[in-house]
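Rule-based calculations on the coordinates, nothing more; no lab input. These numbers were taken from a predicted model, which means no experiment stands behind them. Reconstructed Cβ throughout: ideal geometry from the backbone, glycine too, with neighbour counts over all protein chains shown.
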Amino acid sequence: MNQITKEMRDLARELLASGEVKGLIGWTKGSRWYLTPPLFITRPEEAEQLYFDQFAVNNLTGLLLDYRYGDDKIALFVKGCDSRGIVRLLQDHQIKREKVLVIGVPCMGMSDKKAVTDPRQPVELPLLDKCLECRYPNPVIADRLIGGALVSGEPSEPKGLTASEAAKRGVGSKQADRFAQVKAIEAMSADEKYAFWQAQHEKCLRCYACRNICPACNCRECIFESDKKGWVNKSATPTDNAFFAVTRAMHVAGRCVECGECERVCPMDIPIMALNRKVIQDINELFGESDAGTDLDGKMPLGLFKNDDPEEFM
Amino acid sequence: MSAVDNPKQPAKEWEPNIVGFACNWCTYAGADLAGLSRMQYPPNVKLVRVPCSGRTNPQFVLRAFQKGADAVLVAGCHPGDCHYATGNYFTRRRYLLMQRMLEFMGIDPRRFQARWISGSEAPKFRDVVTQMTEEIKALGPNRKLREEI
């Protein structure tokens with residue numbers, strides 16, 4: 001058992017036993033060596049099930065939406081990328097600050113379980129692309145910290161117990177390539193772009209996994225589930241899937257915290273982050289650099305304007 | 001069934017189908033003035049009156065393309081002239097992104113345009129619609145994002 005897991009269990013036991021929180025969301029070891037799924041616990045003795053390793057990739061912040069109407073205080077663990085989701089939910093007034101206890105953990109970079117070839121044979125796996133591109137390996141917001149984690153609201157180097165391991169595995173080593181895929185698609189001709197995206201949208205199943213995991217997708221009622229919107233089709237045809245993809249990207253425009261979970265959970269491997277990154281790149285170019293979900297007082301780019309914004313519509 | 005819903009055009013000569021979202025206070029009044037002044041402009045643009053250009057949801061644009069529009073125009077008051085003080089500033093930010101997003105999806109950026117046309121700018125309305133119709137005629141019909149029936 002690693003040191004972070006031990007500290008996790010101790011803290012969880014303490015918080016639940018003292019009644020400071022009614023529930024706690026963390027990770028547990030799954031049925032395979034490469035699975036560390038989310039875990040909900042309410043009793044101190046259940047803390048023994050908590051676990052943290054390089055497969056605890058799930059962003060738990062979206063799960064807080066299940067508790068948004070409750071009165072109970074919930075604790076949850078966040079890695080650097082997840083913590084921006086907390087800021088997202090607070091800024092969107094989805095959760096109350098006093099109803100959530102954020103526990104920051106250091107991150108060694110998450111492994112890509114898609115590289116598993118033999119489910120019975122544990123091997124060293126490569127990092128997820130989103131971890132190679134990571135700019136916020138430390139929590140941006142936290143009430144408690146374990147494993148030597150440090151709070152940092154700025155892009156920073158990995159800190160805490162796993163700092164050397166993270167550096168060795170190359171967390172954040174490809175930050176500069178963040179927009180590489182966007183640039184590659186932009187370099188295509190219009191028809192190539194369309195063919196590329198049609199091929200992607202043909203795969204979409206409309207399972208809405210990308211929406212369900214997303215801390216920015218926190219509408220009380222999603223437009224794609226409303227039966228009163230006659231002009232939103234639910235069929236999984238390429239054109240309606242394109243409609244869904246663009247609508248989703250525009251809904252999270254300026255609010256996407258780049259946790260990359262949408263793309264990771266997609267069962268059809270659609271490059272969803274390419275759309276999000278395209279919007280982020282354009283926002284940075286047009287309205288000035290900003291990182292959503294890093295500053296509680298930060299304003300959302302599409303929720304404000306400047307008189308001297310670029311003018312192309314004269 | 002509106003003309004937008006029916007993609008079947010007469011076979012003889014193809015004419016562009018342009019959907020225009022016009023703000024009630026400026027562009028719609030400008031279009032009205034163009035009519036009152038007996039200005040000639042192509043009948044290819046179908047105006048949808050919206051309370052403010054900021055009311056135009058990006059999904060309206062996508063839906064228009066799905067239902068057979070060859071181009072979409074969003075038009076409202078000049079920045080600083082919004083009836084609701086700031087609506088068009090948000091429109092400007094939103095559609096700067098939307099236009100780039102459509103281009104990213106492979107749609108010619110000329111097929112989506114936004115313009116500021118005030119209530120007294122009837123000649124500008126005429127010119128914008130005329131120019132856009134000419135451009136789209138040259139581009140040809142849009143099949144991208146179109147709903148297959």
Cβ-placed point charges (K, R +1; D, E -1), dipole of the stretch A:178-303 about Cα centre in debye, nearest 20: 340 debye
10 Å Cβ neighbours from other chains, averaged over peptide A:230-236: 2
Averaged over B:83-95, number of beta-carbon atoms from partner chains that fall within 10 Å: 3
Distance between modelled label sites at A:A209 and A:K96, nm, 7 Å Cα→Cβ extension: 3.6 nm
Interchain or long-range residues, amide H under 5 Å from B:A69's placed H: none
Alpha-carbon centroid distance for the pair the stretch B:30-77 / the stretch A:47-72, whole angstrom: 47 Å
With 10 Å bins from 0: P(r) over the stretch A:215-289, alpha-carbon pairs, percent: 17, 47, 31, 6
Degrees, to the nearest 10: A:3-18 long Cα axis against longest axis of chain A: 80 degrees
DSSP beta bridges in the stretch A:49-149 [antiparallel fraction, %, rounded to 5]: 10 percent
Under 5 Å, built H, 5+ apart or other chain: amide partners of B:G20: B:K46, B:L47, B:V48, B:L73
Integer Hz, Karplus 6.51/-1.76/1.60 couplings in order for the stretch A:230-247, x for Gly and Pro: x, 9, 10, 7, 9, 5, 9, 8, x, 5, 6, 5, 5, 4, 5, 5, 5, 4
Between 0 and 90°, nearest 10: helix A:80-91 axis offset from chain A longest Cα axis: 70 degrees
Cα→Cβ-extended label distance, 7 Å offset, between A:K114 and B:N57, nm: 3.2 nm
For chain A: Kirkwood Rh in Å [reciprocal of mean 1/r, alpha carbons]: 20.6 Å
Alpha-carbon Rg/Rh ratio, for chain B, with Rh computed the Kirkwood way: 0.95
Cβ charges +1 (Lys, Arg) and -1 (Asp, Glu), total dipole of the stretch A:81-124, debye: 220 debye
Candidates B:E135, B:E13, B:E103, ranked by Gaussian network fluctuation over chain B, Cα under 10 Å, top entry: B:E13
In nm, spacing of pseudo-spin labels at A:D309 and B:T86 (7 Å Cα→C-beta vector): 1.1 nm
Links that overshoot a 29 Å alpha carbon limit, given the list A:K193/B:K137; A:K96/A:K278; A:K73/A:K114: A:K96/A:K278; A:K73/A:K114
Crossing angle, helix A:190-203 versus chain A [Cα axis fit, 0-90 degrees, rounded to tens]: 50 degrees
Fraction of the pair-distance distribution of the stretch A:51-115 above 21 Å, Cα-Cα pairs, percent: 26 percent
Subset of A:K6/A:K174; A:K6/A:K168; A:K79/A:K174 violating a 21 Å alpha-carbon distance limit: A:K6/A:K174; A:K6/A:K168
Computed helical MRE - 222 nm, chain A, DSSP H runs ≥ 4 contributing -39500 (n - 2.57), nearest 500: -9500 deg cm²/dmol
